[in-house]
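Colleague: Okay, here's the structure, questions in a sec.
The values are calculated or read from the model by the stated rules, or taken from the named source; none is laboratory data. Note that the structure is a prediction, hence the values are computed from the model and not measured. When we count neighbours, we look across all protein chains shown, and the Cβ atoms used for this are built from the backbone with ideal geometry, even at glycine.
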Amino acid sequence: MTAPILASTRAELAELLAEARRDGRRVGFVPTMGALHEGHASLMAVARERVGAEGKVVVSIFVNPLQFGAGEDLDRYPRTLDADLVIAEKEGVDIVFAPSVDEVYVGGQPQISIEPGPLGAILEGRTRPGHFAGMLIVVAKLFGLVRPDVAVFGQKDYQQLALIRRMVDDLSMGIEIVGAPTQREHDGLALSSRNRYLDAEQREEALHLSRALFAAQEAAASGAHAALDAARAELRRAKAVDVDYLEITATDLGELPDDVPSGTEARILVAARVGTTRLIDNMSLTIGSN
Ligand code: PAF
């Protein structure tokens with residue numbers, strides 16, 4: 001494998017991409033905040049699949065201050081560029097764009113904002129005001145710098161993915177957005193850069209999240225209430241999990257009516273604190289399929 005080219009300025013990135021575009025290659029993009037793991041590697045593999053061997057896969061690594069609230073983990077968020085480059089190389093990534101904050105926010109904080117709207121006010125948006133506005137502005141900026149044909153995001157951040165799809169549609173950005181399945185450890189824990197904050201005991205506690213979602217999936221045949229009850233029962237077994245929300249929604253994150261027809265697809269989403277670490281997870285559900 002050839003090592004990816006590391007670009008740390010907009011000018012370097014633009015030059016590399018101009019070359020690719022001159023040759024008519026498709027560009028696949030995976031925006032990340034680094035601290036890469038197998039979940040990110042799977043997104044890079046999807047991007048490669050989408051653009052083909054001739055295409056260019058670009059990964060950005062940027063810990064975006066605008067999407068962290070006061071008291072969140074901006075300062076301690078893991079920065080592991082050397083290890084990240086090894087993963088990018090293994091996945092055959094062509095360009096890694098790792099800019100500084102000043103390079104992204106030339107001229108300081110943008111004065112134009114992107115308002116996430118009602119979809120951004122529920123679930124994560126309730127607990128993390130400003131998070132989605134900060135996330136959308138950096139994704140829009142990165143889209144402007146990379147101008148990809150296709151961009152790949154993890155379903156692990158399900159609400160983020162929904163909001164990015166919405167932004168791309170609403171603002172006619174003309175980028176294909178692909179959602180890739182959540183990658184899990186052998187015992188079900190969803191891969192996340194924040195898992196590295198967990199000690200062994202906390203990791204054991206964190207397992208209650210995915211177990212709750214698996215329990216809900218099993219119980220969903222008996223209806224949404226049964227699914228929610230099964231998930232709650234599993235979370236009650238945890239000793240040190242402080243649940244923020246556990247909700248079943250329609251697949252578009254809208255409200256699920258009380259009487260849904262058997263076979264309706266839905267989503268269950270959970271967020272919780274384990275120690276000082278905030279974790280999220282979600283899974284698909286088929287309601288009342290029995
Ligand atoms: O999911 C993430 O890592 C970030 O929210 C993203 C999409 C890279 C924007 O900073």
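Colleague: Select from segment 142-162 the residues that are more than 10 Å from the ligand (Cβ to nearest atom) and farther than 18 Å from ALA45 by Cβ and list them in ascending order.
Modeller: PHE143, GLY144, LEU145, VAL146, ARG147, TYR158, GLN159, ALA162
Colleague: Let me ask something additional. Answer yes if at least one residue in segment 27-40 is away from the ligand (no atom under 16 Å from the Cβ) and either assigned to a loop (DSSP other than H, G, I, E, B) or without any contact (Cβ under 8 Å) to a residue 12 or more places away in the chain (or both), and no otherwise.
Modeller: Scanning segment 27-40, I find no residue that is away from the ligand (no atom under 16 Å from the Cβ) and either assigned to a loop (DSSP other than H, G, I, E, B) or without any contact (Cβ under 8 Å) to a residue 12 or more places away in the chain (or both), so the answer is no.
Colleague: Could you grab me the full set of residues in segment 131-155 that are assigned to a strand (DSSP E or B) and in contact with an Asp or Glu (Cβ under 8 Å, 6 or more places away or on another chain)?
Modeller: Correct list: VAL150, ALA151.
Colleague: State all residues of segment 48-76 that are touching a Gly at 6+ places or on another chain (Cβ under 7 Å) and farther than 19 Å from PRO99 by Cβ; if no residue qualifies, say none.
Modeller: ARG48, ARG50, VAL51, GLY55, GLY69
Colleague: For segment 91-150: of the residues being among the basic types (Lys, Arg) and within 18 Å of the chain's Cα centre (by Cα), which is nearest to VAL178 (Cα to Cα)?
Modeller: Top of the filtered list is LYS141.
Colleague: So, one more: Mind listing whichever residues of segment 46-56 are more than 15 Å from the ligand (Cβ to nearest atom) and either in a strand (DSSP E or B) or touching a residue at least 12 places away in the same chain (Cβ under 8 Å) (or both)?
Modeller: ARG48, ARG50, VAL51, GLY52, GLU54, GLY55, LYS56
This table checks each residue for (1) in contact with a Phe, Trp or Tyr (Cβ under 6 Å, 6 or more places away or on another chain); (2) surrounded by fewer than 20 Cβ atoms within 10 Å (Cβ to Cβ); (3) without any contact (Cβ under 8 Å) to a residue 24 or more places away in the chain.
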residue	(1), (2), (3)
TYR158	no, no, no
SER172	no, yes, yes
GLU185	no, yes, yes
GLY188	no, yes, no
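Colleague: Kindly evaluate PRO261 against the criterion of being more than 30 Å from THR32 (Cα to Cα) and either in contact with a helix residue (DSSP H, G or I) (Cβ under 9 Å, 6 or more places away or on another chain) or in contact (Cβ under 8 Å) with a residue 12 or more places away in the chain (or both).
Modeller: When the stated conditions are applied, PRO261 passes them.
Colleague: A further question on this structure: Can you name the residue in segment 186-209 that is under 26 Å from ALA151 (Cβ atoms) and either of a type in the set (D, E, K, R) or out of contact with any helix residue (DSSP H, G or I) (no Cβ under 8 Å at 6 or more places or on another chain) (or both) and is also farthest from the ligand (Cβ to nearest atom) among such residues?
Modeller: Of everything passing the filter in segment 186-209, ARG196 is farthest from the ligand (Cβ to nearest atom).
Colleague: Could I ask something else about it? Would you mind listing the strands (runs of 3 or more DSSP E) fully within segment 164-274 where at least 2 residues are within 24 Å of the chain's Cα centre (by Cα), at pLDDT 95 or above and hydroxyl-bearing (Ser, Thr, Tyr)?
Modeller: Of the strands (runs of 3 or more DSSP E) lying wholly inside segment 164-274, those with at least 2 residues that are within 24 Å of the chain's Cα centre (by Cα), at pLDDT 95 or above and hydroxyl-bearing (Ser, Thr, Tyr) span 241-250.
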